[in-house]
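Undergrad: Please see the structure below; I have some questions.
The values are calculated or read from the model by the stated rules, or taken from the named source; none is laboratory data. No experiment lies behind these values; they were computed from the predicted model shown. In this analysis, Cβ positions are derived from the backbone assuming ideal geometry, glycine residues included, and neighbour counts consider all displayed protein chains. To get the accessible areas, we keep the full protein, side chains included, count just its heavy atoms, and leave off ligands, DNA and RNA. Shrake-Rupley method; radii C 1.70, N 1.55, O 1.52, S 1.80 Å.
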Amino acid sequence: MNRRHCATAAITLVCALALLTSTGQAMAAPVPDPSPSPSSSPAGSTPRYSTAELEKVREQIETLYRKAGAATDAYNLAEEQTKKQSGEIVKLAKAIVDGQARIAALKDRAGAQAREQYRNGGLPPGAQLALSNDPKLFLDGINKVRQSQQASKSLLSDLNQTQQDLETYTQDASANWEKLETNRVKQAKAKKKINAQIKAAEKLESQLEKKERDRLLQLERDAADKAQTAWLSSGAVKDVSGEASEAGAAAVAFATAQIGKPYVWGAEGPGSYDCSGLTSQAWLAAKRPIPRTSQEQWRLLPRIDIQDMRPGDLIIYHADASHVGMYVGDGAIVHAPRPGRNVTLAGAGSMKILGVVRPDK
């Protein structure tokens, strides 16, 4: 192993860490104009949008925010993986430096042994004693020869193993570096997509007058109420009566205490949250760490039937698992809905349910 090459690699790895997690500021893509075209009716007369047109705007905005939510999950996952890879590289870089120091120390020991043998005519002290005419010294010498041989063998073994470890550390560092760069690119792409979707949704909403925005909010509530009513009428929660575990109660207490705080994508508190930031932090407060994103929560946490649901369980929404809320009982969830909205209580059936997972099963 080339010491200079490995040392240079280690220094490069450590020094470059500060640049690894930067994703830069992504520029949002051009945003589309809303499909419904407002009429030219003067302000104060009939609404510029009919209810049907405004409903279409609501659906467009909801679709854009859902796409932003899916991209947010991709961003959060890439960020989590980036942090993990950065930590791995730091550990590997330290291992490389420590390995270099160990190799240097082992070579110094080997050199000391060689110099000692040279000073004694090429024989270690034990070998010289073994040649003595004194039987006691001879036996002592034999033992010392064996000890010296074992020490030399151990020294060479340690040296070879350390060199092999050093080579492995360097290879692992390179592999982690490549993964880190891949995750950085994923973050940048996801951030650009998030910005584009949110900007497009905000542009649609900004073109509405205050009265129309109020009507839009009411349409959102009506759609949620309609979905919740249909869900309850289906008997989905007829037999749901589970009580929260101690950890589940703690998670619910944390999540409900965040009500009123704004949704911000990628946020994990304490002043703002995205949907999975809220649920992951709530369970962390309950001393049960869970995956950061709704998609990973759906993929990795134990799944349960809706009928077995209890407060603290997480309800995953949409076919792509892009949203999550925490069940709090009585057919309700606490969740961080989307940009422009705050953490709030909502009907558990107000969105399309994919399934339920239990963090403390």
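Undergrad: Kindly provide the set of residues from the range 290-302 that are open to solvent by 30 Å² or more (accessible area, probe 1.4 Å) and either among the polar types (S, T, N, Q) or free of Cβ contacts under 8 Å to residues at least 24 places away in the same chain (or both), ordered by number.
TA: Scanning the range 290-302 gives Gln295, Arg299, Leu300.
Undergrad: Please go through (1) surrounded by fewer than 22 Cβ atoms within 10 Å (Cβ to Cβ); (2) under 18 Å from the mean Cα position of the chain (by Cα); (3) assigned to a strand (DSSP E or B) for Val324 and return the number of the only condition it doesn't satisfy.
TA: (1)
Undergrad: Looking at Arg299, is it within 16 Å of the chain's Cα centre (by Cα) and assigned to a loop (DSSP other than H, G, I, E, B)?
TA: It is false that Arg299 is within 16 Å of the chain's Cα centre (by Cα) and assigned to a loop (DSSP other than H, G, I, E, B).
Undergrad: Moving on to the next point. Tell me which residues, restricted to the range 252-289, are within 17 Å of Ile198 (Cα to Cα), assigned to a loop (DSSP other than H, G, I, E, B) and open to solvent by 50 Å² or more (accessible area, probe 1.4 Å).
TA: Val264, Trp265
Undergrad: Looking only at residues in the range 231-251 that are under 21 Å from Asp360 (Cα atoms) and polar (S, T, N, Q), which one is surrounded by the fewest Cβ atoms within 10 Å (Cβ to Cβ)?
TA: Ser241
Undergrad: Between Ala173, Ala188, Ala224, which is open to solvent by less than 80 Å² (accessible area, probe 1.4 Å), assigned to a helix (DSSP H, G or I) and at pLDDT 80 or above?
TA: From the options Ala173, Ala188, Ala224, the qualifying one is Ala224.
Undergrad: Ok, one more. May I ask you to list the residues in the range 205-216 that are surrounded by 13 or more Cβ atoms within 10 Å (Cβ to Cβ) and without any contact (Cβ under 8 Å) to a residue 60 or more places away in the chain?
TA: Once the filter is applied, which keeps residues that are surrounded by 13 or more Cβ atoms within 10 Å (Cβ to Cβ) and without any contact (Cβ under 8 Å) to a residue 60 or more places away in the chain, the range 205-216 yields only Arg213.
Undergrad: Further, regarding this structure: Take the range 316-361 and flag every residue that is among the small types (Gly, Ala, Ser) and without any contact (Cβ under 8 Å) to a residue 60 or more places away in the chain.
TA: Ala319, Gly325, Ala332, Gly355
Undergrad: Here are Asp308, Asp313: which of them is surrounded by fewer than 22 Cβ atoms within 10 Å (Cβ to Cβ), of a type outside the set (Val, Ile, Thr) and either farther than 18 Å from Tyr65 by Cβ or in contact (Cβ under 8 Å) with a residue 24 or more places away in the chain (or both)?
TA: Selected residue: Asp308, the only one of Asp308, Asp313 that is surrounded by fewer than 22 Cβ atoms within 10 Å (Cβ to Cβ), of a type outside the set (Val, Ile, Thr) and either farther than 18 Å from Tyr65 by Cβ or in contact (Cβ under 8 Å) with a residue 24 or more places away in the chain (or both).
Undergrad: Just need a number here: residues in the range 54-71 that are hydrophobic (A, V, I, L, M, F, W, C) and farther than 14 Å from Lys193 by Cβ.
TA: To start, the set of residues in the range 54-71 that are hydrophobic (A, V, I, L, M, F, W, C) comprises 54, 57, 61, 64, 68, 70-71.
With the extra rule that they be farther than 14 Å from Lys193 by Cβ, the set shrinks to 54, 57, 61.
Residues in the range 54-71 being hydrophobic (A, V, I, L, M, F, W, C) and farther than 14 Å from Lys193 by Cβ: 3 in total.
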